[in-house]
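Working notes, beginning with the structure itself.
The values are calculated or read from the model by the stated rules, or taken from the named source; none is laboratory data. Values in this document were obtained by computation on a predicted structure and should not be read as measured data. Cβ placement follows ideal geometry from the backbone for every residue including glycine, while neighbour counts extend to all protein chains displayed. Heads up: the accessible areas ignore ligands, DNA and RNA and are worked out on the full protein's heavy atoms, side chains in. Shrake-Rupley method; radii C 1.70, N 1.55, O 1.52, S 1.80 Å.
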Amino acid sequence: QQDLDFDGPQSISQYTISIQKPAWPVDLGNLTLKPRTFKEQYQERGLAIADTVDLTDTLQFRLGTRLSSILIDTANNTPLSKTTAYMHHVTHSEGLSYQASKENKFWVSRADSFAPTRGQTRDGGFLPPSIATQWEAGIRRQTTENVFIASVFNIQQD
């Protein structure tokens, strides 16, 4: 849970500079500062389950899923909050790993993620959440003296 509280004077969109005839120095004393109260409460809850299955002595399969719930309540210049966003989203991940030898392990995996878009549009609504997919391939080499891990990944976000 995350809470944001702002209470104080603020000037939004009250000051402009003419590109054709800019006035310097800027007289900040002419800004009209109006009282503004903004509150936002963000709550995220989830339920996740995952399991790894040994397909053979050297091959493992991992599968997971998660249900996320997001609730955002806001209040702008009023003490009463209202629900401005409430969304559920299901993501999943899967991976396959291969233990080539005692020291060397290779894997490939795919995972989804999602995050709400914060802030409101002009009509007071919210944009759809950001959704991402990540593909990853990697290697782990572990000896008694050293551990080396390297991976390459591709993340696509919409």
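In summary, Gly64 fulfils each of the numbered conditions (1) open to solvent by 70 Å² or more (accessible area, probe 1.4 Å); (2) at pLDDT 95 or above; (3) in contact with a His (Cβ under 7 Å, 6 or more places away or on another chain) with the single exception of condition (1).
Kindly indicate whether Ser18 is of a type in the set (Ser, Thr, Tyr), open to solvent by less than 90 Å² (accessible area, probe 1.4 Å) and either within 30 Å of Ile155 (Cα to Cα) or in a strand (DSSP E or B) (or both). In short, no. Residues that are assigned to a strand (DSSP E or B) and surrounded by 10 or more Cβ atoms within 10 Å (Cβ to Cβ) within segment 24-46 comprise Lys34, Arg36, Thr37, Phe38, Lys39, Glu40, Gln41, Tyr42, Gln43, Glu44, Arg45, Gly46, listed in sequence order. In segment 28-40, the residues that are closer than 23 Å to Ile17 by Cα form Cβ pairs under 7 Å with partners that are open to solvent by 50 Å² or more (accessible area, probe 1.4 Å) and among the hydroxyl-bearing types (Ser, Thr, Tyr), at six or more places apart or across chains, as follows: Leu31/Tyr15. The single condition among (1) in contact with an Asp or Glu (Cβ under 9 Å, 6 or more places away or on another chain); (2) under 17 Å from Gly64 (Cα atoms) that Asp112 does not satisfy is (1).
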